[in-house]
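The values are calculated or read from the model by the stated rules, or taken from the named source; none is laboratory data. Not measured: the values here are computed from a predicted model. Here the Cβ positions follow ideal geometry from the backbone for every residue, glycine too, while neighbour counts run over all protein chains shown. The accessibility values were calculated without ligands, DNA or RNA, using every heavy atom of the protein model including side chains. Shrake-Rupley method; radii C 1.70, N 1.55, O 1.52, S 1.80 Å.
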Amino acid sequence: MPSCYAEAPTSFVSANGVRFAYRELGPRGGIPVVFFVHLAANLDNWDPRIIEAIAQHRHVIAFDQRGIGASSGRVAGTIEAAADDAYEFIRALGYGQIDAFAFSMGGFIVQDLIVKHPKLVRKLVLTGTGPRGGRNIDRVAAVTWLDILRSAMARADPKEFLFFERNQAGKRAAKDFIQRINERTSHRDAKVGLKALRTRLKAIERYGRSAPSDLSVFTGTALIANGDRDRMVPSILSVDLHQRIKGSELVIYPDSGHGGVFQYWEKFAPRAVEFLAG
């Protein structure tokens, strides 16, 4: 295994007619930590400092959902379908139990996964995300398009606006984050297209307007984290998740937005490592 995420090779596995792309890091053996990425993201969008910290102790697997990046097929039209795809991917790799690390839309997918397969996930890290039917989740599309427009006018990466506050600390954290996710210079993943983005935004809208899920079926342990000024998935929804998942831990980072765990990666990464230990 390579020692850094930028050097992790892309592998493929077929499941239910889909060829899934994935990357691995860390020591093999035991229960892996599977990473579920955000709305407009592929394999290149994970913060390497967080993945690498966890991979020092655990086998880490990041993957592209169906129709995203190098994975084949059409993008799932619902969060439920994306969760079914994730299950097929995990089973194709031969795992009957995992730990999960999810950010934003990835957190929506994981929640549907644990509702349908409550014994599959042992430990769960939910960052920048909220519950099915959570207040204002259906407005993610409006926030996304607005910040894409703002970033285009500023000639900046949309994640600088979507994930971070536009103050001095936030702008500095945004630039550092973009630099980190661009450390990989060869064999980068295929970008997420406009059609795929629209499909996923419609799926999120349905998720936000659906009846809440019964998360009490999850009997594992959970760590929930966010910034205190998340506009995409309002920060109060992290508190909502904390109340829905019995015994969960909640961490809210100050003066930060949707990407609070990236802005505070030096504090968050060791916290996540400690939580996932064992």
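Tabulated values for the structure
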| read-out | value |
| --- | --- |
| Of residues in region 69-78 being within 14 Å of residue 10 (Cα to Cα) and in contact (Cβ under 8 Å) with a residue 60 or more places away in the chain, the one most open to solvent (accessible area, probe 1.4 Å) | 70 |
| Subset of region 215-225 (residues that are closer than 22 Å to residue 251 by Cα and open to solvent by 40 Å² or more (accessible area, probe 1.4 Å)) | 216, 219, 221 |
| Only listed residue being open to solvent by 10 Å² or more (accessible area, probe 1.4 Å), in contact with a Gly (Cβ under 7 Å, 6 or more places away or on another chain) and not hydroxyl-bearing (Ser, Thr, Tyr), chosen from 203, 190 | 190 |
| Residue under evaluation residue 164, criteria (1) open to solvent by less than 60 Å² (accessible area, probe 1.4 Å); (2) under 26 Å from residue 85 (Cβ atoms); (3) not in a helix (DSSP H, G or I), criterion not met | (2) |
| Enumerated helices (runs of 4 or more DSSP H) restricted to region 180-278, each holding at least 3 residues that are within 18 Å of the chain's Cα centre (by Cα) and over 15 Å from residue 134 (Cβ atoms) | 194-208, 260-263, 265-276 |
| In region 93-117, the residues that are touching a Phe, Trp or Tyr at 6+ places or on another chain (Cβ under 9 Å) and open to solvent by 40 Å² or more (accessible area, probe 1.4 Å) | 93, 115, 116, 117 |
| Filter result (within 17 Å of residue 48 (Cβ to Cβ) and open to solvent by 10 Å² or more (accessible area, probe 1.4 Å)) within region 226-277 | 263, 264, 265, 266, 267, 270, 273 |
| Sole exception among (1) more than 14 Å from residue 109 (Cα to Cα); (2) touching an Asp or Glu at 6+ places or on another chain (Cβ under 6 Å) for residue 29, by number | (2) |
| Hits in region 7-21 - residues which are surrounded by fewer than 19 Cβ atoms within 10 Å (Cβ to Cβ), modelled with pLDDT of 95 or more and touching a helix residue (DSSP H, G or I) at 6+ places or on another chain (Cβ under 6 Å) | 13, 15 |
